[in-house]
1. Sort through Gly89, Gly94 and tell me the only one that's free of Cβ contacts under 8 Å to residues at least 60 places away in the same chain and more than 19 Å from Ser34 (Cα to Cα).
2. Among the residues in segment 59-74, are any touching a Phe, Trp or Tyr at 6+ places or on another chain (Cβ under 6 Å) and open to solvent by 70 Å² or more (accessible area, probe 1.4 Å)?
3. Could you say which residue among Ala266, Ala300 is in contact (Cβ under 8 Å) with a residue 60 or more places away in the chain and either aliphatic (A, V, I, L, M) or open to solvent by 40 Å² or more (accessible area, probe 1.4 Å) (or both)?
4. Restricting segment 169-201 to residues that are small (Gly, Ala, Ser) and over 17 Å from Gly48 (Cα atoms), which is surrounded by the fewest Cβ atoms within 10 Å (Cβ to Cβ)?
5. Just for strands (runs of 3 or more DSSP E) wholly inside segment 116-169: which have at least 1 residues that are touching a helix residue (DSSP H, G or I) at 6+ places or on another chain (Cβ under 6 Å) and within 26 Å of Val84 (Cβ to Cβ)?
6. Identify the residue in segment 146-188 that is polar (S, T, N, Q) and under 14 Å from the mean Cα position of the chain (by Cα) and, among all such residues, is nearest to Ala283 (Cα to Cα).
7. May I ask you to list the residues in segment 234-245 that are open to solvent by 10 Å² or more (accessible area, probe 1.4 Å) and of a type outside the set (Val, Ile, Thr)?
8. Given the conditions (1) of a type in the set (Lys, Arg); (2) surrounded by fewer than 20 Cβ atoms within 10 Å (Cβ to Cβ); (3) free of Cβ contacts under 8 Å to residues at least 40 places away in the same chain, and given that Arg23 satisfies all but one, which numbered condition is not satisfied?
Amino acid sequence: MAQTLTVLGLESSCDDTAAAVVRQSGVDRAEILSSIVYGQTELHSAYGGVVPELAARAHAEKLDQCVRDALSAAELTLAELDAVAVTAGPGLIGGVMSGVMCAKGICAATGLPLVGINHLAGHALTPRLTDAISFPFLMLLVSGGHCQYLLVRAPDDFTRLGGTIDDAPGEAFDKTARLLGLPQPGGPAVQAEAITGDPRRFRFPRPLLDRDDCNLSFSGLKTALLRQRDQIVAEKNGITRQDRADMCAGFQAAVADVLAEKTRRALRIYLAEGPSEPILAVAGGVAANTAIRGALESVADEMGTRFLAPPLALCTDNAAMIAYAGIERFRNGARDGMDLAARPRWPLDNISPALLGSGRKGAKA
């Protein structure tokens, strides 16, 4: 019988400082004993986006308290843990370093094993945390910083079927919100405006649908919206509330259409492998968008595939997913030393060609 493991997870890759404790007994479904997230929305609100230096400082200030709160909520001490898992990349390097150094400090003081986790693997394995699903499954990771179709065969076996070659959908939503004078984060703001909008008034492009692959592009869509806004301003000396709502609705419909068609193509590749229980899972903040989620559910139903989206709190950045990924890696014998490095870039799939190119620090995605 596999042992019971209790792992502390730390996450600080962007603008959420998080700590969580997760326990799994043998092959039973994992239990989240605590999950604490300190957001930084107010800290960055005046800048229209996340400021890396401010985020890193906030992580350094909050991580210790976040860990204490997670342990207190779980009613555990450090002595009752089996390991510490921490996001070691990819992400804003200052924030990643803050988390890695905190985890190293805990492990140095307690002798607990250290397990470095790829942030994307945390998202990709979340359906196993929430629903104990079996491998293989298809994961659409769709968030502010990432968008990839991943064929997940094992805790450390990921094949990227496609992804964004420029802006991630969440990034495009944020930029659209800024262009239209809406608050950040942009995803919820654009969705709220789109409710009263007419998605047929402005026909925005559906990029890359003419290419028979699973790659996506949203930069041109954002540019098309910018040009439409400028045209309306030139004609009317400004935009009305209805103009803005219609643009939001048209933009959201375009993103949903692109993701639906590319998901259909990714599912064909996945289903060709003959999975016994086909599952399409989605994670990331954009998965909370009701129009996009509805489009993806329709595609999954059309193709006879179960659709699974974890609760919103586990779709966005959190440490429970990191702790659980740590359990999966720990059971497979993974251990990291005090030389664990923080990595701004860390592709899950090191075989497929990089989508966004490479630099001195490696492939971006």
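The values are calculated or read from the model by the stated rules, or taken from the named source; none is laboratory data. Please read these numbers as outputs of a predicted model, since none were measured by experiment. Glycine gets a Cβ as well: all are built from the backbone with ideal geometry, and neighbour counts include every protein chain shown. For accessibility, only protein heavy atoms count, side chains too; no ligands or nucleic acids. Shrake-Rupley method; radii C 1.70, N 1.55, O 1.52, S 1.80 Å.
1. Working: Gly89 fails: free of Cβ contacts under 8 Å to residues at least 60 places away in the same chain.
Result: Gly94 is the single residue among Gly89, Gly94 that is free of Cβ contacts under 8 Å to residues at least 60 places away in the same chain and more than 19 Å from Ser34 (Cα to Cα).
2. Checked against the condition, which is being touching a Phe, Trp or Tyr at 6+ places or on another chain (Cβ under 6 Å) and open to solvent by 70 Å² or more (accessible area, probe 1.4 Å), segment 59-74 yields at least one hit.
3. Residue meeting the stated conditions: Ala266.
4. Ala192
5. Working: elements: 137-142, 147-154, 157-163.
Where strands (runs of 3 or more DSSP E) fall fully within segment 116-169 and carry at least 1 residues being touching a helix residue (DSSP H, G or I) at 6+ places or on another chain (Cβ under 6 Å) and within 26 Å of Val84 (Cβ to Cβ), they are 137-142, 147-154.
6. Kept after step one, since they are polar (S, T, N, Q), are these residues of segment 146-188: 148, 159, 164, 176, 184.
Still in the running and under 14 Å from the mean Cα position of the chain (by Cα): 148, 164.
Numbers: Gln148: 10, Thr164: 15 Å.
Across segment 146-188, the extreme among qualifying residues is Gln148.
7. Residues of segment 234-245 open to solvent by 10 Å² or more (accessible area, probe 1.4 Å): 234-242, 244.
Once the filter is applied, which keeps residues that are open to solvent by 10 Å² or more (accessible area, probe 1.4 Å) and of a type outside the set (Val, Ile, Thr), segment 234-245 yields Ala234, Glu235, Lys236, Asn237, Gly238, Arg241, Gln242, Arg244.
8. (2)
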